[in-house]
Every structure is written in C-alpha cells, then in structure tokens.
Amino acid sequence: MSFEIERRFLVCQDIDRLCRDGDRIIQGYFTFDRESRIRIRIRNDRAFLTIKGPRQGMTRSEFETNIPLPIAAAMLSRLPPESLIEKVRYTLPYAGLAWEIDVFGGLNAGLVVAEVELSHPEQEITLPHWVGREITYDARYGNSSLSVEPVSSWTQAA
C-alpha cells in the first residue's frame, strides 16, 4: 500500500499547444463511500484495479494493481455508460514536477483539471500560469463524484 499526496487545480487557459501524446483513459467506480473508492481503469492498452482510502487533507492511501484488459473491459461494460469517466491525460513538466492534465470528455466535456503529486503535504510548488482555482478539497471535482454528478448536470458554474 502506498500513499497519494496531490493538489488539483482547474486549468484556466487554453493549453492545447502544450498537450502532446496523451493517454486515453476510461474508468468506472463499482462501490464508493466515505471510506474508500474502488476503480477500474483502462489507460490505452493497460488496465488497473485501484482502491483508494479516505482523504486526510491532501493524503490518502492507495493500492493499485494491473489486471487483464479483457476483464477490465467486461467489468466496465456492466456499468451504465453515462457513469464512465472519459478523459485524455497529458503530462507536462513544470518547475521540476510532472503535472498531469486531464481533458474530460463525455458528460464532463469542457472540464480540464491539472494535478501534481507531491512527496509530502508541505512541499512548496510553483504554480504554472495556466492553472486557476485550486480544487483539491472540492469533492465535486473528484472523479468518483463526476461519475455520479457530471459537470453537465450542474445548475450553476462551479
């Protein structure tokens, strides 16, 4: 079991010119509650089972393992299609860190989120000019939340 420490931000500028060679991701959630998230993800031609523990600040426990692609595809096919998260992920280096940019599709089209993984919660970071409001603690922007209540269903701009 490892720990994930990350900060997340909305992308506030067009960064298409920076985004090259993205990974296509489709993922779904089978159960989730306040304690854990269980996710199946297909990233390009690889598949993963991930279990994430409850968030404590920026930190949460995470277990991830590879699973056979046909099994992942079969499991995702059992979920309602509208609950699947579709996105393309790009990795951009900035100020010595690898930023992951998720460009969402499907019912979350138009949403672009940048996240950066840290080595410890107090780690200082330099923010790229293309990030805006921090959403680390805004549960609406969590992928498991977006699978239930996508941005297209929001009544007000978030």
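The values are calculated or read from the model by the stated rules, or taken from the named source; none is laboratory data. Everything numeric here is computed off the predicted structure, so don't read it as measured data. Cβ: placed from backbone, ideal geometry, glycine included. Neighbour counts: every protein chain shown. Note: accessible area is taken over every heavy atom of the protein model, side chains too, but ligands, DNA and RNA are not part of it. Shrake-Rupley method; radii C 1.70, N 1.55, O 1.52, S 1.80 Å.
The largest accessible area among ILE135, ILE67 belongs to the first residue in ILE67, ILE135, and the rest follow in falling order (1.4 Å probe, all chains). Relative contact order for the chain: 30 percent, from Cα pairs under 8 Å spaced at least 6 residues apart, divided by residue count. Database remark: amide H of MET58 closer than 5 angstrom to no amide H (H placed geometrically; neighbours at sequence offset of 5 or more, or on other chains; Pro and chain starts carry no H). Under the shape rule built on the C-alpha gyration tensor, where the axes satisfy a ≥ b ≥ c, the chain is rounded, since a/c falls short of 1.5. Helix content alone sets the calculated 222 nm mean residue ellipticity of the chain: runs of n ≥ 4 DSSP H residues at -39500 (n - 2.57) each, divided across all residues, give -2000 deg cm²/dmol.
Taken per residue, the accessible surface of region 59-158 reaches 54 Å², heavy atoms only and a 1.4 Å probe. Just the protein heavy atoms count here, and of the accessible area of region 4-158 at 1.4 Å, carbon and sulfur take up 52 percent.
For the listed peptides 110-118, 71-79, a ranking on the average number of other beta carbons within 10 Å per residue, highest first, reads 110-118, 71-79. Each part gets one Cα centre, and for region 66-87 versus region 3-18 those centres are 24 Å apart. Figure legend: label point modelled 7 angstrom from the Cα of GLU149 along Cα→Cβ; residues of region 18-42 with amide N under 17 Å from it are 32-35. For the pair GLU134 and THR91, what calculated FRET efficiency results from E = 1/(1 + (r/R0)^6), where r is the Cβ-Cβ distance and R0 = 25 Å, to the nearest 0.05? Between THR91 and GLU134 the formula returns 0.80.
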